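Taking it in order: structure first as structure tokens, then the write-up.
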Amino acid sequence: MKYTEALDNYRQKIASVNADEMVLNMGPQHPSTHGVLRLELITDGEIVREVIPHLGYLHRCFEKHAESLTYQQTIPFTDRMDYLASMNNSHAFVMGVERMMGIDKDIPKRIEYIRVLVCELNRIASHLIAIGTYGIDIGAFTPFLWCFRDREHIMGMLEWASGSRMLYNYIWVGGLFYDLPVGFEERCAEFINYFKPKMVELNQLLTDNQIFINRTANVGVLPLDVAINYGCSGPMLRGSGLKYDLRRIDGYSVYPELEFDVPIGTGLMGAVGDCWDRYKVRVDEIEQSVKIAEQCLERLQKELKRTPGFDPRAKLPRKLVPKPQDYYVRCENPKGELGFYFIHQQNKEYDKAGNERMADTEIPFRVKARAPSFNNLSVLSEMAKGVMIADLIAIVGSIDFVLGEVDR
């Protein structure tokens, strides 16, 4: 459906509201919309009859930037899409460019393990925000403080490695901006030993809390077939019971060498695919990311120790000029499948005599981002029909989207 057709459809729905119904605006400045998202609600008392989402309040111009910058210059703009998981964004983008260049097999193992380590740390940080803000949406204030307290340790470590708290520009095509600082592995191991008991406390406080269970179990049930048809991915899809994780299915980077499980929703407290299942998948994924990080640290400290002559930029090409081609790459972002579709072709140039010729360029013709938050958010209208307004807040929080990634 074209945008104009969808807009006309929404206008007809608003125009057909009867005397017993009311139109409410939730957002774009509303704490429970997790960013500048505007939801137009058609309600019958406390019951939500229809949800009409309005996007475009946080347009980041990523795809337009990519048309006028080189591949290496575009990496900082990938950080600004899902700004809570910048390492994962740049990892996907860089991986695609390396495959187009044919240098993906030449990346040293130490660099690959460092990439996976920082991406899993960033995944934990992203899920901690999802869990903490979800708790405060439901009315639990303490988990919010605890999650942000523990996230600060991760932010400090990633800042130590990259020089930035959130927008890292750390993973480069062919390598890294810099090797891990001396003592990083030891400090990361100390954090993991500190963090494990904190997750036990968080489960006692929130996961097993009967009030929280009552607010999330059997609420916002997303059937598996609906999730697949809408293109949902990540915890949204796994929460509905499908064991689908690109780290396992595609086996990119060094993930095939690591041991970890893929958590799915089982309907333990309610129905399969409800808000509690999606929340629990993220909690379980944090534990699996800790397990992955431990394995990376072990190999970095034993088999892949730093050497005085190691240069993380040694494989950086002087010019990033892939062959003309179309290529799609995808990876498992904390919120789901993040994909980049590259179109690279030669540019037309003219010599002094005015003759046309084709010349190589470092700038892609087109880069299309497939953002998981957009697909996951698109199913909201389907999930929210007939629920209470208070339950709509629980459903929105269980999706865990970032508007910078939705609008791009």
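The values are calculated or read from the model by the stated rules, or taken from the named source; none is laboratory data. No experiment lies behind these values; they were computed from the predicted model shown. Please note: Cβ atoms are built from the backbone with ideal geometry, for glycine as well, and neighbour counts cover all protein chains shown. These accessible areas exclude ligands, DNA and RNA; they are computed on the full protein's heavy atoms, side chains included. Shrake-Rupley method; radii C 1.70, N 1.55, O 1.52, S 1.80 Å.
Checking every one of the chymotrypsin sites (Phe, Trp or Tyr not before Pro) in the stretch 106-167 against DSSP loop status and a limit of 15 other Cβ atoms within 10 Å picks out Phe141. Quick check on the stretch 123-239: take the gyration tensor over C-alpha atoms, sort the square-rooted eigenvalues as a ≥ b ≥ c, and tell me if it's rounded (a/c under 1.5), prolate or oblate. Oblate, because a/c is 1.5 or more while a/b does not exceed b/c.
For the stretch 62-220, give the percent of accessible area contributed by carbon and sulfur heavy atoms, probe 1.4 Å, rounded to a whole number.
Of the solvent-accessible surface of the stretch 62-220, carbon and sulfur hold 56 percent.
Among (i) 1.05; (ii) 1.00; (iii) 0.97, only one was calculated for this model; which label is it, if the read-out is Rg/Rh (Cα atoms, Kirkwood Rh)? The value matching this structure is (ii). The Stokes-Einstein estimate for the stretch 257-408, based on a Kirkwood radius over Cα pairs and taken at 4 °C with 1.567 mPa s viscosity, is a diffusion coefficient of 64 µm²/s. Across the stretch 238-310, Cα pairs under 8 Å and at least six residues apart give a relative contact order of 30 percent. The trypsin sites (Lys or Arg not before Pro) found in the stretch 126-183 that occupy coil by DSSP, while having at most 16 further C-beta atoms within 10 Å, are Arg165.
With contributions of -39500 (n - 2.57) from each DSSP H run of at least four residues, the per-residue ellipticity at 222 nm computed over the chain stands at -14500 deg cm²/dmol. When the Cα gyration tensor is reduced to axis lengths a ≥ b ≥ c, the ratio a/c is 1.5 or higher for the stretch 20-76, and with a/b above b/c it is classed as prolate. Counting only aspartates and glutamates at least 8 places from Lys305 when in the same chain, those with an alpha carbon closer than 19 Å to its own are Asp106, Glu112, Asp179, Glu185, Glu186, Glu190, Glu257, Glu294.
When you filter the GluC sites (Glu not before Pro) in the stretch 209-312 for DSSP loop state and at most 14 other Cβ atoms inside 10 Å of their Cβ, you are left with Glu259, Glu303. Longer than 27 Å from Cα to Cα, which of Lys291/Lys368; Lys291/Lys315; Lys105/Lys302; Lys243/Lys302; Lys319/Lys348 are they? Say none if no pair is. From Lys291/Lys368; Lys291/Lys315; Lys105/Lys302; Lys243/Lys302; Lys319/Lys348, over 27 Å: Lys291/Lys368; Lys291/Lys315; Lys243/Lys302.
Within the stretch 264-303, what whole-number % of the accessible surface is contributed by carbon and sulfur, with the 1.4 Å probe and all protein chains included in the calculation? The C+S portion of the solvent-accessible surface of the stretch 264-303 is 48 percent. Each Cα pair under 8 Å and six or more residues apart adds its separation to the average, and for the stretch 54-195 the resulting relative contact order is 26 percent.
Before I look further, what does the stretch 211-338 give for accessible area per residue, probe 1.4 Å, in whole square angstrom?
Using a 1.4 Å probe on heavy atoms only, each residue of the stretch 211-338 averages 44 Å².
The mean sequence distance of close C-alpha pairs (under 8 Å, at least 6 residues apart), as a share of the length of the chain, puts its relative contact order at 24 percent.
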